[in-house]
Amino acid sequence: MSSTTHNHIHENNHHNGSHVAKKPNLSTSVITASEIKSEFAHHDASVARINNGSFGCCPASIRAAQHRWQLQYLRQPDHFYFNELKTGILQSRTLIKDLVNADHVDEISIVDNATTAAAIVLQHTAWNFREGRFQKGDVVLMLHYAYGAVKKSMEAYVTRAGGNVVEVPLPFPVNSNDEIVSEFRKALERGNSNGKRVRLAVIDHVTSMPCVVIPVKELIQICREEGVDQVFVDAAHSIGCTDVDMKEIGADFYTSNLHKWFFCPPSIAFLYTRRNLKGSVSGSDLHHPVVSHEYGNGLAVESAWIGTRDYSAQLVVPAAVEFVNRFEGGIEGIKKRNHEAVMEMGEMLAKAWGTHLGSPADMCASMVMVGLPPCLGIGSDSDALKLRTHLRDAFAVEVPLYYRPPREGEVGVVTGYARISHQVYNKVDDYYKFRDAVNQLVQNGFTCADLSD
Amino acid sequence: MASTEHQNGDAVSHPKKKLKPCNFITEAEIQSEFSHHDTAVARLNNGAFGCCPASVIAVQRDWQLKNLRQPDHFYFNDLKSGLLHSRTIIKDLVNAHHVDEISLVDNASTATAIVLQQAAWAFNEGTFQKGDVVLMLHYAYGAVKKAIEAYVARAGGSVVEVPLPFPVTSNDEIVREFRKAVEKGKSRGNRIRLAVIDHVTSMPSVVIPLKELVTICREEGVEQVFVDAAHAIGCTRVDMQEIGADFYTSNLHKWFFCPPSVAFLYARASPKSRDLHHPVVSHEYGNGLAVESSWTGNRDYSAQLVVPAVMEFVKMFEGGIEGIRKKNHEVVVEMGEMLVEAWGTHLGSPPHMSASMVMVGLPPCLGIFSDSDALKLRTRLRDKFGVEVPIYFAGGEDGSVTAYARISRQVYNKLEDYIKFKNAIDELVRDGFTCALLSD
């Protein structure tokens, strides 16, 4: 499962200009399997950790870089503040700009996480409603599978300020991008009716639960054709997981966490804000909700100082880039091998259990939804959570489960899916452990009804 | 250490009369706890960034590792109870009635955004009328002033500043100005919806007669009182019942030995507090500010989890946190008086209006005539003399004291730190230095 056994280097797919990561390290400088193991020796070895998607991971060498920054600050914080912090943040932002093919470093702000980025964009939307740039009843579109926190943020900022939230229903399991595109078009039509405008579309790049790669470029083109003012892509997972090219995707706002698939410690995300926003009015700039003396100096500068805090996680991006470049093919190589491995493991599990995958390979990145045997009797969100806990406590398998309610007329269908991840530290044994745990539950005639509340 | 002053119910910090003196932390142990500080620097600015002892850093690392080891398990089983433990300790420390009233946030700036965002919604939803007043002190922290612009002014509120004298010689001067500002706020028939009052101002640093000002607010029908007490906990007395504010925030990483960064926001249980929301919205939205604040997405919460370890640390000192506070105050006033005598200047406020920091007048001959001069002199002191101390430009005529250094005293400070500062200034004076000589 390690990088040295899967040497598929697909050099011809590098459209995205992430030239920073394209150093094909040869022979001696490529990280070995035992070095990888050592980098993640702090992981609980007794656990089959197949949920990189939730909390990510951070190798020891990046942790060490973070500690160095932390100690430097504690040693003489005034000196750090005046002489080191700003340049360190700028260096991180510059690397990210190159990684995601943004035009200008001003377009890249560093924030805590995608949840914070969503609050920034939606607070801005709330002001637009309250200050009359958007009319009451104008629409903000989101996907049905938008992340729970983002849905709440829509309620807290958009609905509260008088906006109308329209959800795009999405099929799951899903078979092709067309299914998503057609639902999206229908929802846009709904939004644009009754004399109202769709002011903002919030689109996931990779949905969380259930996990599917969304055809964002196509959806954004449709948005432009249909006169949607602004598009915000919630790409919490994407950097290090799928292709991330700002110019190709064409969104106004785009956010992704670096602590999920880019090996940074908790927590750091970037929020890309395209300069020369279409349809924006002067004075409607984005602001960080935590206001400091930097207020008004642009989001990137505001975000670089939001009061005394530990900024060390935001300062280790150079160390993260160095780390990924130790792998064959850099971050591109890691992404491809993760994708291939997770598909292979997903198919192995689906075959072992007689189920299926939630989406085809071209709609998956480093995660895949694997159907669980129906006999396990997962009948609710609560069942899914309880079974997940049971897998953790009784089998030492860490994997998130998704409850998919049966549609009308569906009988005996798969109602539970496991979202398995693959990251460089995973081994094939992790997935066998999961396979065996589920097989054992099936053998024992287990159902979720057996679990207490 | 006087135990009679413990009327505020902070039972956790009772002096340990049972312990023999040899059980208290020794000077050598203190130096060891702070051995990661740059020893070449006279660190007289605890007020800005605080400090964190090695034993607390170690506990923080443990929490971080626990999360990295198995983050799902940590999230489901360890995080919530750890945060609740911290909040419970703080509730006792500050004499709040209920742990629901205590939320943990990153810093006072975040707490300010929470309170002011609530005010902005009130203006926008018509609960407050356009033109209703928000009061603040002239010496409010820069970030707070910007937050008032970003949320209150932008939403249609009217801002009234309370001018404050500096140097200041008595609480009466502050009370008088405050009463005048309240009258001014009410004069146009508008209601004063919110008063933002510092407990200890930042620059220049003065302890504000908070209890008196809050009483005036209640008498004059000010609807909400928010106290920005960024410095207060571990620096001055903090008793929620005694102070009587609606909202109160203080950083624990300044004077309470926590690593960066953690603050608490106290919100007195009432209909007003139900309207507070953390600006970073998670799935916990609507479950109360304390719960919302305990999960603002995937982050490192370790600084918020070490409060129990900090309690262990302060208990190693005679008198606990009360003992530390008192000693810091005594020493910083002593050092301040030593410096003003050496330089022929004066302190910016009397001892009873100072806590662990004091404003020390700098010799007029240094020619500090602008904020920029003050900053450049500060940089010079850092780069050339190894002295870290913030400098405040107060204005005034040529020949008078125009600038003050804000010296702090925390447990790691030594007499030599202040002597080093004294000597640096003496040398600048002897050399005929003036700020005009410094390049931009």
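The values are calculated or read from the model by the stated rules, or taken from the named source; none is laboratory data. Remember, it's a predicted structure, so these values are computed and weren't measured experimentally. Don't worry about glycine lacking a Cβ; one is built from the backbone with ideal geometry, like all the others, and counts go over all protein chains shown.
Structure notes:
- So B:K91, is it under 16 Å from B:V262 (Cβ atoms), free of Cβ contacts under 8 Å to residues at least 60 places away in the same chain and either within 13 Å of another protein chain (Cβ to nearest Cβ) or more than 17 Å from the chain's Cα centre (by Cα) (or both): yes
- Qualifying residue in the range A:359-372 (condition: of a type outside the set (A, V, I, L, M), away from chain B (no Cβ under 14 Å) and more than 29 Å from A:D252 (Cα to Cα)): yes
- Evaluating A:L143 against the criteria (1) exposed (fewer than 15 other Cβ atoms within 10 Å of the Cβ); (2) away from chain B (no Cβ under 13 Å) leaves one unmet condition, (1).
- Selected residue [more than 19 Å from A:N52 (Cβ to Cβ), more than 14 Å from chain B (Cβ to nearest Cβ) and in contact with a helix residue (DSSP H, G or I) (Cβ under 9 Å, 6 or more places away or on another chain)] from A:G329, A:G377, A:G333: A:G377
- Residue within the range B:199-209 that is more than 13 Å from the chain's Cα centre (by Cα), away from chain A (no Cβ under 14 Å), more than 25 Å from A:A126 (Cα to Cα) and of a type in the set (A, V, I, L, M, F, W, C) present: no
- Failed item in (1) touching a residue at least 40 places away in the same chain (Cβ under 8 Å); (2) more than 10 Å from every other protein chain (Cβ to nearest Cβ); (3) small (G, A, S), with B:A263 passing the rest: (2)
- Selection within the range A:307-347 - in contact with a strand residue (DSSP E or B) (Cβ under 9 Å, 6 or more places away or on another chain) and under 30 Å from B:H278 (Cβ atoms): A:G307, A:T308, A:Y311, A:Q314, A:V317
- Looking only at the range A:316-345, residues that are out of contact with any Phe, Trp or Tyr (no Cβ under 9 Å at 6 or more places or on another chain), in a loop (DSSP other than H, G, I, E, B) and not polar (S, T, N, Q) come to 4 in all.
- Against the numbered list (1) of a type outside the set (A, V, I, L, M); (2) more than 12 Å from chain B (Cβ to nearest Cβ); (3) touching a Gly at 6+ places or on another chain (Cβ under 8 Å); (4) surrounded by fewer than 18 Cβ atoms within 10 Å (Cβ to Cβ), A:G162 comes up short only at (2).
- Pick from the range A:290-304, criterion within 12 Å of chain B (Cβ to nearest Cβ) and touching a helix residue (DSSP H, G or I) at 6+ places or on another chain (Cβ under 8 Å), ranking: nearest to B:I114 (Cα to Cα): A:V290
- Those residues of the range B:120-140 which are in contact with a Phe, Trp or Tyr (Cβ under 6 Å, 6 or more places away or on another chain) and either at pLDDT below 95 or more than 9 Å from chain A (Cβ to nearest Cβ) (or both), in sequence order: B:A122
- Test: A:S34 is among the hydroxyl-bearing types (S, T, Y), loosely packed, with under 15 Cβ neighbours inside 10 Å and modelled with pLDDT of 50 or more: yes
- Scanning the range B:94-119 for residues that are facing another protein chain (nearest Cβ under 8 Å), in contact (Cβ under 8 Å) with a residue 60 or more places away in the chain and of a type in the set (S, T, N, Q) gives B:N107, B:T110, B:T112, B:Q117.
- When residues of the range A:82-109 are limited to those that are within 22 Å of A:P289 (Cα to Cα) and buried (at least 24 other Cβ atoms within 10 Å of the Cβ), the one nearest to the other protein chains (Cβ to nearest Cβ): A:S109
- Strands (runs of 3 or more DSSP E) within the range A:81-184 that include 3 or more residues under 28 Å from B:A150 (Cβ atoms): A:108-111, A:139-143
- If the condition is being more than 10 Å from chain A (Cβ to nearest Cβ) and either surrounded by 21 or more Cβ atoms within 10 Å (Cβ to Cβ) or in contact with a Leu (Cβ under 9 Å, 6 or more places away or on another chain) (or both), then the range B:288-308 contributes B:G288, B:L289, B:A290, B:S293, B:S294, B:Q304, B:L305, B:V306, B:V307.
- Lone unmet requirement of (1) surrounded by 21 or more Cβ atoms within 10 Å (Cβ to Cβ); (2) among the aliphatic types (A, V, I, L, M); (3) in contact with a Pro (Cβ under 9 Å, 6 or more places away or on another chain) for B:V207: (3)
- Residue match in the range B:229-238 (condition: aliphatic (A, V, I, L, M), out of contact with any Asp or Glu (no Cβ under 6 Å at 6 or more places or on another chain), modelled with pLDDT of 95 or more and more than 25 Å from B:H329 (Cα to Cα)): no
- Yes/no for B:Y285 being touching a residue at least 12 places away in the same chain (Cβ under 8 Å) and either surrounded by fewer than 21 Cβ atoms within 10 Å (Cβ to Cβ) or not acidic (D, E) (or both): no
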